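Input: a single structure, listed below in structure tokens.
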Amino acid sequence: MITIRTYYFPETMEAAYEKLTERRNNAVIGGGGYLKLGSKAIGTAVDLSNLGLDYIKEEEKSFEIGAMTTFAGMMLHEGLNQHFNNLFQRAIEDIVGMQLKNMVTIGATIYSRYGFSDFLTALLVTTTKVKLYKGGWISLNEFLENGPKERDIVEKISIEKTKGFYSFQDLRGSSSDYSILNLALSKEGDHYRIALGARPGRAKLAVKTMAFLEGKELSEEHMEKAGEVLTKEMVFGTNGRGSKEYRRAMGKVLLKKALQEGSIHED
Amino acid sequence: MKIKVTINGKEKELEIAPDDYLSEVLRKEGLLGVKKGCDTESCGLCTIHLEDVAVLSCGTLAAKADGKSITTIEGVREKAEQVRYQLAKRGVDQCGFCAPGTIMSILYLEKVVENPTDEEINRYLKGNFCRCSGYVGQLEAVKSYLEGQKHEVCE
Amino acid sequence: MKYVNDSIKKIDSDALLKGKGVYTDDLAPKDALCIKVVRSPHAFAKITNIDDRLTRKVAGVEMVLTYKDIKRIPFTRAGQCYPELSPYDKFVLDEYVRHVGDDVAIIVAENQKSAEMGAKRLKVTYEVLDPLLDYRKAEGHKTLVHPEEDNFIPVDFVGYDREKNLATEMGFEVGEITQALEDSDVVIKKTYESQAQAQAMMETQRAFSYEDEYGRLVVVSSTQIPFHVRRTLARALDMPMSKIRVIKPRIGGGFGSKQSIHAEFYPALITKMTGKPSKIVYGRKEVFTGTTSRHKMKFDITLGATKEGEILGIEMNALSDTGAYGEHANTTVGAAGKKVLTLYNKVKACSFKGKAVYTNNLPGGALRGFGVTQGTFALESAINELAEALNMDPVKLREMNMIKKGETTPIYNIITKGSGPEPIYMDSCELEACVQKGKALFAWENRKNRIEKDRESQKIKGKARGIGMAIAQQGSGLPNIDMAGATIKLNDDGFFTLLVGATDIGTGSDTILSQIAAEALDVSLDKINIHASDTDVSPFDSGAYASSTTYTSGNAVIEACKNMNSLIIEYGAKVLEENRENISFEKGKIFSKKGKEISLEAFSKKITYSMIHQQLTATGSFVPKKAAPPYMAGFAEVEVDLDTGKVDLLDFVGTVDCGTAINPMLARVQAEGGIVQGIGMALYEEVKVNPKGKLKSNTFMEYKIPTRKDVHTIQVELIEGHDDTGPYGAKSIGEVVINTVPPAIMEAIYQAVGVRIRSLPATPEKVWRAMNTEK
């Protein structure tokens, strides 16, 4: 159970940040849903709902997306789906249900860097930077690796509109379960980006695999070898949903499925 | 703290604690159609509309509803008549515990998706568990309902 | 028939679909004290100290109760008829905790938040003991789950040995099994294991209680068994049954979870002690860890057949994990043999041995199918393996060996209480029709050919498909054990009140019993007001389990209506001044041969206000005298991903012989719902425990029941036969519907990818491992 002593709707980002940093046990509320599952004792809950951060702006070279944009918003946005081959739609589709998708915000998901997150795996294979209120712009990859330098608030993200191909693959038991493993892939020109998440650790870029595939044609041999590189470079673990060995084997499988999709796309 | 909400068309001022979740607050207000089935926002029984968007009231902090409109199953008594008719006709009302939440999701689907496919219907209803009916009958009932609504509009 | 075999909508439908406050928590008094139970974090421990000082400091906390505050009386929580075939091994609170989630202390407060805060602040010190978690090692293990000596069994059933952790041991046999197996050309010897499955009904356990104007304890509970609740509360709380009233309002499902007494103890105790209303609402985690799940069972099966396919002998040895308490241990493991071996009545010999052992796991409890599901999975899987070994079509193998209409097996004489030596014929068995119809609907042969033809092209896509089938039966009530009563009362405006103890748990029994009464009295349905499940008012009914409501309670209703008909004729004769032989009662009117008539309304007014002054009330009772099993055939097509092992059920056809369907629509939904629960059991659901005995699967995030996306095509066909002993020919349908699903799916997986999954569920990793080792 969580406890909150005061609830606060700031009217500006500055006011939000000020309140957040006032006390150690003050916290920013996104959707507020995931919070409930823990047992935090919060002093002041800072709710960003009045800051107009629920938006998706399609510009010429990028998408600018506010931190309070919901998963449902991301999943159903036509412009995003068109540009990114339904990458976000596929990543978000199997999450629980529409109601929860209407509540979960991308800002909260990014800031918390959840291991099980399908969305973060997908986002990681795009060229995305995150605007932190205090810390400024930072690449998503860097943010996921290191977290914020100090307590901060995600204000918005910017996804570059690069021409390419995008794929999301996941493996789960029943359709509302967390992923046993998920994989996202993008190919922008000759350049690959591959992220593996729910390992059960959080999404990470498979840099060696990406380097291996760079410029290579997608033959059976190369796909097989890429799988092996992936298996060696990523760390897999065991939890209730699957064992280390299974995840390791499935990493190869998901990569192959994504690469095959890519080669069909190019044809 | 005090919040001002419009519940099923009626303006109300409610006294809540900052860590109250909407489901409990609504039930305390006598809206007993808001059910609770789990502790992890997984089952959908507590589905309501917040500003016409379907959300889980058990995962929505009541404070978030300040200044907003809430619709519960009690507020759609007339609107949901044909939905009820189709569900009852197919016998998928069963224990009824999933029904209010499921009906709220059906109405939301109807509002935001025109001519939904089976896949889209399941997408919007996926967050509503039902242990009794096996789902297939509910899908049939929803389709019959949407079909019937089309004809009504034509008339 | 006017009302029977009619698919009318449920009579409580409007209230439920409108979201009216008609469930337990909706009815609880606003000022009820709130209860939170502190539960054990250890699988096995002795409580050495409970420090409640911080708890009592929490504003709003009124009471803290531990085992020291409650009179020590052993009882069973099992909802079964008295004397129960269950050990009395539970106390309201005890010094020992025997599973993670076992109750430790009761916190009572003004509101829920305070109760939960108080529970959090309770400091309990335990002497942690070595838990016994592996049921294979339980018998004779040095860890004794029940070291206390004041457990006992109320009925002398064989095999209870507390000091060996044995909750029950039993068996039966027909013929000479060793000989039969020796005479066989082909012998299949395999072990199967089915998992603990959670009932996962949508409404958790909850109950409230208050003291009425006569100082009696009234308990309103989400239960399947009001009468057993009353009896057990009386024992556990050491008070006369006459001082307790139990009422069941609308409830949100049960599936067996509410066939044990759980939540009721706490508010009943608090109200008894304080005189104040109190309530408890279980959280979902609490349901997973603090109630029960399906008994995990392991079966060693040996099957012998001739090479022509005649099954000569079946040997089934079962081991069941009853967990910390022996509630339904005996009856479930028994059912695993008793209602499974009866499918194959042409064998020369069969034998069943069943053992249930105590462990420090979550207690086993009732769940749709009640042992028959586990046994069916095992035997039907073995039969499918036999078909493969014989190179025989599995449908043909069934058709050769399964029980058919009018046939019998001596097993029925062994398992049916009160049966003599006379054979018990399955006169209404439509299993053959189920298999034939199912095979046709499923297009068994064509589908098989299509799958073979497409095998290569599917392989290129990385997929493989396969089909499988299974048969099953269940029971309809419990012969000579579980009775039902019904009373029908004529009111002074020509309408009836139907009083039944039968428990509508969402299935619609209130509706179908009303349909039966309307049919039996030949009046319109709106003339029947049903009032059910109130121990003060209702005639006795064992409750909603053993698929007994339609068959047992339905027959009691018919009996009551028959008696009412006689009364109406008797008094109609007096009112119309006629001889009884000249009176008939039809379509709500009383007629005399001489042309006189009077409406029921006028009649009832007359005999109440003007003349004779008689209250007409009639009661009927019924207990099944013979077994009237429902039967089912299930056919499944799966698609398996060759790389990941993920199994997708594409298509399922279920044909069910339920006798007459009183309400075909409601019967169909039972089948659809049961099939999906079977899919969950086959592919997704598993109660998972960590090495210390703590439940990993204690939320819906971890315990995965099927969602809408997991269900593709399900076709149900009711094969409506007729059982002469059933109400208007009805048997039952509530439980049989889950049994064929797991074995049919496992066989389909084998046909798809050549691996045998013999332990449920068939998760992607399990299938993948099997595919990558059995190469």
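The values are calculated or read from the model by the stated rules, or taken from the named source; none is laboratory data. Predicted model, so just to flag it, every value in this text is computed and none were measured. All Cβ positions, even for glycine, are placed from backbone atoms using ideal geometry, and neighbour counts span all protein chains on display.
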Quiz item: C:LYS709: away from chain B (no Cβ under 14 Å) and either buried (at least 21 other Cβ atoms within 10 Å of the Cβ) or at negative phi (or both), yes or no?
Solution: no
Quiz item: When you go through (1) under 30 Å from C:ASN446 (Cβ atoms); (2) over 36 Å from the mean Cα position of the chain (by Cα) one by one for C:ILE568, which number turns out not to apply?
Solution: (1)
Practice problem: Find the strands (runs of 3 or more DSSP E) located wholly in region C:570-669 whose residues include 3 or more that are closer than 30 Å to C:SER457 by Cα and assigned by TED's automatic domain parsing to the domain that holds C:GLU747, and list them. | Solution: C:631-641, C:647-657
Quiz prompt | Selected residue [part of a strand (DSSP E or B), away from every other protein chain (no Cβ under 14 Å) and acidic (Asp, Glu)] from C:GLU315, C:GLU327 | solution = C:GLU315
Self-check item: Residue within region A:82-89 that is within 11 Å of another protein chain (Cβ to nearest Cβ), free of Cβ contacts under 8 Å to residues at least 60 places away in the same chain, crowded, with 21+ Cβ neighbours inside 10 Å and in contact with a helix residue (DSSP H, G or I) (Cβ under 7 Å, 6 or more places away or on another chain) present
Solution: no
Quiz item: Taking the stated definitions as given, is A:LEU144 within 14 Å of chain C (Cβ to nearest Cβ) and surrounded by 19 or more Cβ atoms within 10 Å (Cβ to Cβ)?
Solution: no
Self-check item: Residue list for region B:8-31, filter: buried (at least 21 other Cβ atoms within 10 Å of the Cβ), under 18 Å from the mean Cα position of the chain (by Cα) and not small (Gly, Ala, Ser)
Solution: B:TYR21, B:LEU22, B:VAL25, B:LEU26, B:LEU31
Self-check item: Leading residue by the ranking (farthest from C:GLY256 (Cα to Cα)) among those in region C:520-531 that are buried (at least 23 other Cβ atoms within 10 Å of the Cβ) and not β-branched (Val, Ile, Thr)
Solution: C:LEU521
Quiz item: Within region B:65-72, is there a residue that is closer than 30 Å to A:VAL28 by Cβ, more than 9 Å from chain C (Cβ to nearest Cβ), touching a His at 6+ places or on another chain (Cβ under 7 Å) and not aliphatic (A, V, I, L, M)?
Solution: yes
Quiz item: Taking region C:480-509 only, how many residues are surrounded by fewer than 24 Cβ atoms within 10 Å (Cβ to Cβ) and in a loop (DSSP other than H, G, I, E, B)?
Solution: 9
Quiz item: Filter region C:494-527 for residues that are within 26 Å of B:VAL92 (Cβ to Cβ) and in contact with a Pro (Cβ under 8 Å, 6 or more places away or on another chain); which is nearest to the other protein chains (Cβ to nearest Cβ)?
Solution: C:THR503
Practice problem: Please specify each residue of region A:230-257 satisfying the condition of being within 14 Å of A:SER179 (Cα to Cα) and among the β-branched types (Val, Ile, Thr). | Solution: A:THR238
Self-check item: Residues within region A:204-242 that are out of contact with any His (no Cβ under 6 Å at 6 or more places or on another chain), assigned to a loop (DSSP other than H, G, I, E, B) and either surrounded by fewer than 15 Cβ atoms within 10 Å (Cβ to Cβ) or modelled with pLDDT under 90 (or both), tallied
Solution: 10
Self-check item: Residue under evaluation A:LYS61, criteria (1) assigned by TED's automatic domain parsing to the domain that holds A:ILE106; (2) out of contact with any strand residue (DSSP E or B) (no Cβ under 7 Å at 6 or more places or on another chain), criterion not met
Solution: (2)
Quiz item: Looking at A:THR162, is it hydroxyl-bearing (Ser, Thr, Tyr) and modelled with pLDDT of 95 or more?
Solution: no
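Do you know which residues across region C:348-372 are part of a loop (DSSP other than H, G, I, E, B) and buried (at least 24 other Cβ atoms within 10 Å of the Cβ)?
C:THR359, C:ASN360, C:ASN361, C:LEU362, C:PRO363, C:ALA366, C:LEU367, C:ARG368, C:GLY369, C:PHE370, C:GLY371 - these are the residues of region C:348-372 that are part of a loop (DSSP other than H, G, I, E, B) and buried (at least 24 other Cβ atoms within 10 Å of the Cβ).
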Quiz prompt | Search result, residues across region A:90-103 that are more than 7 Å from chain B (Cβ to nearest Cβ), touching a Phe, Trp or Tyr at 6+ places or on another chain (Cβ under 6 Å) and among the hydrophobic types (A, V, I, L, M, F, W, C) | solution = A:ALA91, A:ILE92
Practice problem: Please enumerate the residues belonging to region B:75-89 that are at the interface with another protein chain (Cβ under 7 Å from one of its Cβ atoms) and under 22 Å from C:ARG668 (Cα atoms). | Solution: B:ARG84, B:LEU87, B:ALA88, B:LYS89
Quiz item: Considering region B:25-55 alone, what residues qualify as being among the acidic types (Asp, Glu) and either touching a His at 6+ places or on another chain (Cβ under 6 Å) or at the interface with chain C (Cβ under 8 Å from one of its Cβ atoms) (or both)?
Solution: B:ASP39
Quiz prompt | Residues being in contact with a helix residue (DSSP H, G or I) (Cβ under 6 Å, 6 or more places away or on another chain) and either assigned to a helix (DSSP H, G or I) or hydroxyl-bearing (Ser, Thr, Tyr) (or both) - total across region C:445-479 | solution = 1
Self-check item: Options B:VAL92, B:VAL136; residue that is closer than 21 Å to C:ILE251 by Cα and more than 14 Å from chain A (Cβ to nearest Cβ)
Solution: B:VAL92
Quiz item: Of all residues in region A:243-258, how many are more than 24 Å from A:ALA211 (Cα to Cα) and either part of a loop (DSSP other than H, G, I, E, B) or β-branched (Val, Ile, Thr) (or both)?
Solution: 1
Quiz item: When you look at C:SER428, is it among the polar types (S, T, N, Q), farther than 26 Å from C:GLY304 by Cβ and either outside any helix (DSSP H, G or I) or in contact with a helix residue (DSSP H, G or I) (Cβ under 8 Å, 6 or more places away or on another chain) (or both), yes or no?
Solution: yes
Exercise. Return yes or no: is C:ASP134 within 31 Å of the chain's Cα centre (by Cα) and surrounded by 21 or more Cβ atoms within 10 Å (Cβ to Cβ)?
Key: no
Quiz item: strands (runs of 3 or more DSSP E) wholly in region C:159-214 with at least 3 residues that are within 19 Å of C:ALA318 (Cα to Cα) - which ones?
Solution: C:166-174, C:186-194
Exercise. Enumerate the helices (runs of 4 or more DSSP H) found wholly within region C:1-97, keeping only those where 1 or more residues are within 14 Å of another protein chain (Cβ to nearest Cβ).
Key: C:13-17, C:24-27
Exercise. Would you check which residues across region C:746-774 are in contact with a Gly (Cβ under 9 Å, 6 or more places away or on another chain), within 14 Å of another protein chain (Cβ to nearest Cβ) and farther than 19 Å from C:GLY375 by Cβ and list them?
Key: C:THR763, C:PRO764, C:GLU765, C:LYS766, C:VAL767, C:TRP768, C:ARG769, C:ALA770, C:MET771, C:ASN772
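Suppose we filter C:VAL737, C:VAL741 for residues that are closer than 24 Å to C:ASN5 by Cβ, surrounded by 24 or more Cβ atoms within 10 Å (Cβ to Cβ) and under 25 Å from the mean Cα position of the chain (by Cα); which single one remains?
Every option except C:VAL737 fails the conditions.
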